[in-house]
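Trainee: Right, I'll just put the structure down here and ask away after.
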Amino acid sequence: MSARIATVSRDTNETQITVSVNLDGEGRLNCETGVPFLDHMLDQVARHGMVDLDIHAKGDLHIDDHHTVEDLGITLGQAFNEAIGDKRGIYRYGHAYVPLDEALSRVVIDFSGRPGLYMNVEFTRDTIGSMDTQLFWEFFQGFVNHARVTLHIDNVKGFNAHHQAETIFKAFGRALRMAVAEDPRMAGQMPSTKGSL
């Protein structure tokens, strides 16, 4: 099995970001974004997705967190797209339901080559820690556009906003883990009747 790793950098007037990903990792995270709650959520993705993530981001946080969060989603998506290669032999689809106390979320992903975000989440608070909950949509929109995936995110229930977000990111990690796993029955075949993704 060839290594499925990638490192991508994004350097703009607003952010300087480098992301390294190993799709066949051990769930390790090395992360400095300057947005503490986002770091906590990325730890869930690494741990539950069993991917190794090395993320360093410096952004214009003196303005707000928007550019850093959005550009990190973009860069992470680019890294996943590069690491996964031509997608031969992967399961392609992944899904997960994850509970945390009263909260329950469902995430379904398809490495389809067609970007699409369908997010049905009504956060019960506008901020978690210092992070604006609207920025979760920006993060996932950046990811899907550049990983070229279709992503459905539904918070089924929950009244604690921290729990809502954590179930989403844990389910996202689990869905990623399932989708990028190599299917021994596919043996290098393209998981599409089209012959390409």
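Trainee: Could you give me the residue pairs with C-beta distances under 8 Å whose first residue belongs to the range 176-197 and is among the basic types (K, R), whose second residue is at pLDDT 95 or above wherever it lies, and which are 6+ apart or on separate chains?
Mentor: Every condition considered, the pairs that remain are R177/H48; R177/G49; R177/M50; R177/V51; R177/G94.
Trainee: Checking I17 against (1) in contact (Cβ under 8 Å) with a residue 60 or more places away in the chain; (2) crowded, with 20+ Cβ neighbours inside 10 Å; (3) over 15 Å from the mean Cα position of the chain (by Cα); (4) farther than 19 Å from A165 by Cβ, which single condition isn't satisfied?
Mentor: Exception for I17: condition (1).
Trainee: Oh, and also: If you check A103, A57, A96, which single one turns out to be crowded, with 18+ Cβ neighbours inside 10 Å, more than 20 Å from K170 (Cβ to Cβ) and of a type in the set (G, A, S)?
Mentor: After ruling out the rest, the residue left standing is A57.
Trainee: Quick one: how many residues across the range 79-119 are part of a loop (DSSP other than H, G, I, E, B) and either of a type in the set (A, V, I, L, M, F, W, C) or more than 14 Å from the chain's Cα centre (by Cα) (or both)?
Mentor: Residues meeting the conditions: 13.
Trainee: Among the residues of the range 119-156, count how many are surrounded by fewer than 16 Cβ atoms within 10 Å (Cβ to Cβ), closer than 24 Å to F80 by Cα and touching a Leu at 6+ places or on another chain (Cβ under 7 Å).
Mentor: 0
Trainee: Just the residues that are in contact (Cβ under 8 Å) with a residue 40 or more places away in the chain, of a type in the set (D, E, K, R) and assigned to a loop (DSSP other than H, G, I, E, B), please, taken from the range 20-51.
Mentor: none
Trainee: Can you tell me which residue within the range 20-34, out of those that are of a type in the set (S, T, N, Q) and surrounded by 15 or more Cβ atoms within 10 Å (Cβ to Cβ), is nearest to H66 (Cα to Cα)?
Mentor: Among them, the one singled out is T33.
The values are calculated or read from the model by the stated rules, or taken from the named source; none is laboratory data. Note that the coordinates shown come from a computational prediction; the quantities given were computed from them, not determined experimentally. Ideal geometry is used to build each Cβ from the backbone, glycine not excepted, and the neighbour counts take in all protein chains shown.
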